[in-house]
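The values are calculated or read from the model by the stated rules, or taken from the named source; none is laboratory data. All figures in this text were calculated on a predicted structure; none of them were measured in a lab. Every residue, glycine among them, receives a Cβ derived from its backbone with ideal geometry; neighbour counts consider all protein chains shown. Each accessible area value is taken on the protein alone, full model and side chains, heavy atoms only, with ligands, DNA and RNA left out. Shrake-Rupley method; radii C 1.70, N 1.55, O 1.52, S 1.80 Å.
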Amino acid sequence: MTKQMEKDEILRRITECGLVAVVRAESGEQARKIADACAAGGVAAIEITFTVPGADQVIRDLSSTYKNGDILIGAGTVMDAETARAAILAGAQYIVSPYLNTDMVRLCNRYQVPCMPGAMTIREVVEAMEAGADIVKIFPGELFGPSIIKAVRGPIPYAKLMPTGGVNPDNVQEWIRAGAVAVGVGSSLIRGAKTGDYASITNTAREFLAKIKAAREESRGK
């Protein structure tokens with residue numbers, strides 16, 4: 001399998017699952033437990049943010065644990081090309097950023113690693129696409145709500161958008177029906193970690209996936 005085919009497969013699996021679990025934690029150990037709980041709930045893509053202490057080591061450990069490829073391990077809150085390269089060397093299979101850094105996108109394309117920079121406006125979405133972004137992260141999503149997806153896809157119907165921030169079980173179907181190819185979910189998915197209730201994370205992940213599937217089936221039926 002070529003590297004390009006690997007990149008295409010990663011993107012296919014992220015969009016097929018429709019859910020990227022955004023992992024923020026107070027320690028590497030907590031991040032690993034959250035990731036395992038998400039994986040148990042069927043999440044195919046887990047994003048370890050670089051706000052996690054020792055994030056590169058967490059990515060390295062999880063990449064080794066899930067080396068069979070069942071779970072995709074990515075890096076989030078990546079602010080520059082240097083951090084992106086460190087994440088890739090640690091085993092990150094995709095890179096997510098809260099904003100567009102063209103050097104970072106260029107580096108990811110150089111190594112054929114999917115890149116998802118953040119954007120807030122149509123102009124920023126277009127700039128990210130022109131720079132070579134594979135998926136554009138709409139962030140912070142709670143500032144706009146699902147209507148931002150329809151607004152962007154009106155003039156740019158081919159834009160691949162992934163809202164992050166403010167996505168929860170009550171509105172995830174609205175985001176999917178609006179045209180999001182996937183959603184990034186953090187606090188509303190992993191809040192159980194604060195009390196050590198990792199089982200709730202697994203259950204919430206299953207709820208998200210069921211609602212994403214239902215919304216897609218509804219959209220296809222129209």
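A few remarks follow.
- Count of residues meeting criterion [open to solvent by less than 10 Å² (accessible area, probe 1.4 Å) and within 14 Å of the chain's Cα centre (by Cα)] in the stretch 39-63: 6
- The condition of being open to solvent by less than 10 Å² (accessible area, probe 1.4 Å) and within 24 Å of I73 (Cβ to Cβ) holds for only one of I149, I212, that being I212.
- Test: residue in the stretch 196-208 that is open to solvent by 20 Å² or more (accessible area, probe 1.4 Å), within 29 Å of V105 (Cα to Cα), at pLDDT 95 or above and not in a loop (DSSP other than H, G, I, E, B): no
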